[in-house]
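The structure appears right after this line, and notes come after that.
The values are calculated or read from the model by the stated rules, or taken from the named source; none is laboratory data. Predicted model only: the values in this text are computed from it and were never measured. Every residue, glycine as well, gets a Cβ built from its backbone with ideal geometry; the counts of neighbours run over all protein chains shown.
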Amino acid sequence: MTATATAKREAFYRIYIKDCEYCGKQFKRSAPIDVPPKYCCWACRSKGMVGVKREKYVIPEEYHEPIRKMYANGVGTGQVAKMAKRIGVPRTKISYFARANGWGQKRRSRDYQWRWSEKEDDIIQRCSDAHPKLVQKRLRAAGFERTQSAIEIRRTKLRAVQNRSGVSANDLAACMGVDVKNILAAINKGKLQAKRLPGYDYERAPYMIKNKDIKTYIQDWLPEINIAYCDKYWLVDVLTGG
Ligand SMILES: [Zn+2]
């Protein structure tokens, strides 16, 4: 033992001379100052400790009623952790204590949290262009709580983006064989109806142009559109489809 360790031991330990609580024999032992020894040997200790509850953390009696009330009002958003900090015991100690008293823990069922309702899928489908943050807002307004990443995963699974109607200005320009500037000019002049995607900064939001608007545009402004530049398969699809 080093000199410091010896000093430390002397500071926190002392020599006790006591009678054994099991066999009654007198013994002499060094032990921590705040933990006086009770038994002369391990054999006596193991016999003497039978039936003795050893609790490191004890919940004081004055907290029993507040804990009962807390569980009655519902937990799940940090109330138990807060209470544990107040008492100074681990969080699990309180939940075990509550379970032992039959106050229970109110939990949502697995189904409730995981299964997507038709209403939710409908909202995701309708907002397939929007930023997940906005979709989350819409879902919340309808009474559903989902994380943004959960929404993104669900959106991929539903193929919501592929299923949306309309094309971007860039795609339309490629199909019509013109520069995107021409398409944007047509939109700005009000010749072509186009909506900006929600959820982005408005100035930067991409356009989403529906097939029926493209059809109307081609029919109304035919003189200034060069059909020869258009992709003919796409054109037929737009004009006949709708
Ligand atoms: Zn003994």
Query raised in the report: For segment 191-206, does any single residue satisfy the condition of being outside any strand (DSSP E or B) and more than 30 Å from Lys133 (Cα to Cα)?
Result: yes
Requested in this report: Find the residue count for segment 152-190, including only residues that are modelled with pLDDT of 90 or more and part of a loop (DSSP other than H, G, I, E, B).
Outcome: 5
Report task. Have a look at Tyr39, Tyr22 and point out the one that is touching a Phe, Trp or Tyr at 6+ places or on another chain (Cβ under 6 Å), more than 30 Å from Val80 (Cβ to Cβ), touching a residue at least 24 places away in the same chain (Cβ under 8 Å) and within 16 Å of the ligand (Cβ to nearest atom). Result -> Tyr22
Report summary line: Checked against (1) in contact with a helix residue (DSSP H, G or I) (Cβ under 8 Å, 6 or more places away or on another chain); (2) in a helix (DSSP H, G or I); (3) of a type in the set (Ser, Thr, Tyr), Tyr96 satisfies every condition except (1)
Query - Residue that is farthest from Glu55 (Cα to Cα) [pool: residues in segment 86-106 that are charged (D, E, K, R) and loosely packed, with under 12 Cβ neighbours inside 10 Å] - result: Lys106
